[in-house]
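Below: the structure, in structure tokens.
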Amino acid sequence: MTQTDNNPWLTRLAVATALATFGLICVGGLVTSHGAGMAVPDWPTTYGEHMFLFPTSKWVGGVFYEHSHRLFASLVGLLTAGLTGWIWARETRGRARWVGLGAIAATLGLMGVRTQGMFVALAVVAVGVIGWSLFQIPRAERPIRWWAAIAFSVVLIQGVLGGLRVTALKDELGIFHGTLAQLFLVLVVAIAVVLSRGWRRAEKLPVYDRAGLRYFFAFTTAMILLQLILGATMRHQHAGLAIPDFPTAYGKWWPDLDADAITRYNASRNEIVGVKPITAAQVGLQMVHRIGAVLILAAVAWTAWVARRQLGGRSALTKFSLVWLGLILAQATLGVLTVLQNKPVDVATAHVAVGALSLVTGAMLTLTAMRLLPKPVREAEPFSGVPQPTAKLPA
Amino acid sequence: MFHILLARIFGAVLVCEKLITNRFELTMKSYLKCLTLALVAGSWQVAVAAEISGKVKLNGTPPPAASMEAKDAMCGGGGTKTYMTRHYVVGADGGLGNVFVYVKEGAAKTAPTADATTVLDQVGCEYTPYVMGVQTGQKFQIRNSDPGLHNVHAMPKPGSGNKEFNLGQPVKGMVTTKSFDNPEILVRFKCDVHPWMFAYVGVVEHPYFAVTDKDGNFKITGLPAGKYTVEAYHLKAGVKTAEITVGAEDKKSADFTLAVPPPAQ
């Protein structure tokens, strides 16, 4: 992304959208942790009534979480629409401006037609908008408006995915919905960062990225994304805790996965809620998730060490790398507690939230490293063996 | 059983009609005599059907029931109510309740009963009964007897051929009629609004099934003479089967003993 002229209120709207999105992920986490994703069996209505007119007296039990999630999602959608419209208006002139703004307004208007068919049609159009925007980004001098268009399209698709997950009774859509939510958060946070005054004023660091720190950041962030996909797959199969102990798994370092063992595991569960029986695949998935956690912890620790060696201890990138390491340690702790305390709602939801923060932090470190760390120029710069003094990013 | 009765009546009438044509003038009086004979024969068939009864017992000490508090105004009655799991319902003499006992082999597939009065009810924010049985194709009712909303989410096993459904019942007295087309032991029902609410429905291709009461007793009636494999299925304590041969009027006893499974770790 390139920089854009600073408007503090636009930046604040972007930050508010990012914060609201994080809050929405937390509420969504509560929905799944409470097993309430199907508590409202219809969409876009709520028990046959208009979503915005559903009486509060009926916000009971699981309905409270699922209905709140839908309302919060509508707020995030509106904020994203406003952010996209504002960025589009600032970055375009003439017919392009009015076409873009008209498209946003028309989308919001058509969403007043509260039928599943209309929402699905808008989502199909949104996929096309994403494709067109990705085509335009490399060609645009100031591509931020295309990223904003992608954000608006993604939030619309997210809403439709959530609704279809309910009406089509498909766990797979829930997995995709949970994963796309995390990617959307990364996108809106990136937009907020790019719109910030600090980003606009940041200067390239006088240190070449000899160690390939940007690639460390990018690769480790990709590992976190894969781990999040595993986590979403586990949660959205609604089978509860597949392995009840830690660090062992059913008393072993690698659990038995044969049919008799799985029957034994299911027979010994004392589930208080109506979860599905666990399968061998789910037990295996949790084992891979545990191994992934160890690998990510090692990768983030290594990356933080490389950053400190290359940039020094006072570099902002180094400091945020250590924050990232702290988040991963917290995430690992929450994961262990989720197992040891039999998946309490608050701990499991916090695990989702910190996972989102870990992904966002890695993505922003990657973005910042790519912007501020120049690639080594082998011919022009003689090897001195001594790193250059570390420059500080503007506050 | 009613269709068996009708088939026998019809068969008896045909035989009588043929006899009358060959030997007697077909008169209404003779026809009625044959019809009466067929009715008697049919009712005798029903009256002498076999039955299998017995008791299911549990060996071992089950884990204590887990609890969950409901703060819902409808479920908690304005306060807080504690709901307990019903994985093990054990009587004073070790009898195990909620065991689905059914003929697994030996019984022919029969047309579902037209009786649609079998009800899965939602009372006091609990499903009643916890375990019940229906035939394939049999219509049964799902009722909301609570003064508030529930959703009814049926989750058949993947590959069973039965369709998952999730429907809202926001009003007291709402009744929805459903059926399952394929046999399955057992289909799980849950309420996503009240997470402690779940129940199970066994679906078989014939009417020869029962659910043990709280003391572990069961009775399967109306069986034709034959050799059967009877299975006692409990979600936690496992399954046991028995081979039973019954004659036309037999009342056989079959007791099962299940055991608390060892800890998984």
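Rule-based calculations on the coordinates, nothing more; no lab input. Computed from a predicted structure; not experimentally measured. Cβ atoms come from the backbone with ideal geometry, glycine included; neighbour counts cover every protein chain shown.
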Report the net charge of residues surrounding A:Q310, where surrounding means a beta-carbon distance below 12 angstrom and charges are Lys +1, Arg +1, Asp -1, Glu -1. +3
Centroid-to-centroid separation of the range A:32-59 and the range B:95-168 [C-alpha atoms, Å]: 25 Å
Could you tell me the extents of the protein assembly as shown's C-alpha atoms along the three principal axes, largest first, rounded to whole Å? 121, 59, 52
Taking only the Cα positions of the range A:115-210, the convex hull volume per residue in Å³ is 134 Å³
Roughly how crowded by other chains is peptide B:183-195, in terms of the mean Cβ count from those chains within 10 Å of each of its Cβ atoms? 5
Between A:I291 and A:R97, the FRET efficiency computed from the C-beta separation at R0 = 56 Å comes out, to the nearest 0.05, as 0.65
Among A:Q182, A:Q341, A:Q158, the residue with the largest mean-square fluctuation in a Gaussian network model of chain A built from Cα contacts under 10 Å is A:Q341
Which helices, taking whole DSSP H runs in chain A, have alpha carbons extending 15 angstrom or more along the helix axis plus mean Kyte-Doolittle at least 0.0? A:8-33, A:61-91, A:94-110, A:116-136, A:144-167, A:171-194, A:213-235, A:280-311, A:316-340, A:345-372
What is the sum of charges, Lys and Arg at +1 and Asp and Glu at -1, for the other residues whose Cβ falls under 13 Å from the Cβ of B:L258? +2
So which lysines can B:K240 reach, going by Cα to Cα under 19 Å and dropping same-chain residues fewer than 8 places off? B:K55, B:K57, B:K104, B:K214, B:K219, B:K227, B:K252
Once both labels are modelled 7 Å past Cα along the beta-carbon direction, what's the B:T61-A:W254 spacing in nm? 3.7 nm
Hey, with R₀ at 35 Å, roughly what FRET efficiency would A:R201 and B:E69 work out to, going by the Cβ-Cβ distance, to 0.05? 0.05
Rounded, prolate or oblate: which fits the range B:89-162 when a ≥ b ≥ c are the square roots of the eigenvalues of the alpha-carbon gyration tensor, with rounded for a/c under 1.5 and prolate only if a/b beats b/c? oblate
For the range A:149-304, alpha-carbon Rg over 2.2 N^0.38 Å: 1.35
Springs between alpha-carbon pairs under 10 angstrom, Gaussian network model over chain A: which of A:E141, A:E91, A:E172 fluctuates most? A:E141
Taking springs between alpha-carbon atoms closer than 10 angstrom, which of A:T80, A:T32, A:T115 fluctuates most in the Gaussian network model of chain A? A:T115
For chain A, what is the largest minus smallest coordinate of the Cα atoms on each principal axis, given in angstrom and ordered from greatest to least? 68, 57, 32
Lys and Arg at +1, Asp and Glu at -1: neighbours of B:F140 with Cβ under 12 Å from its Cβ sum to +1
For chain A, what relative contact order do you get, as a whole percent, if you take Cα pairs closer than 8 Å and at least 6 residues apart? 23 percent
At 222 nm, what helix-only mean residue ellipticity would chain A give, in deg cm²/dmol to the nearest 500, using -39500 (n - 2.57) for each DSSP H run of four or more? -23500 deg cm²/dmol
If you take the Cα atoms of the range A:45-168, find Rg, then find the Kirkwood Rh from the mean of 1/r over all pairs, what is Rg/Rh? 1.03
Spacing of the two label points (7 Å from each Cα toward its C-beta) at B:D255 and A:A121, in nm: 6.9 nm
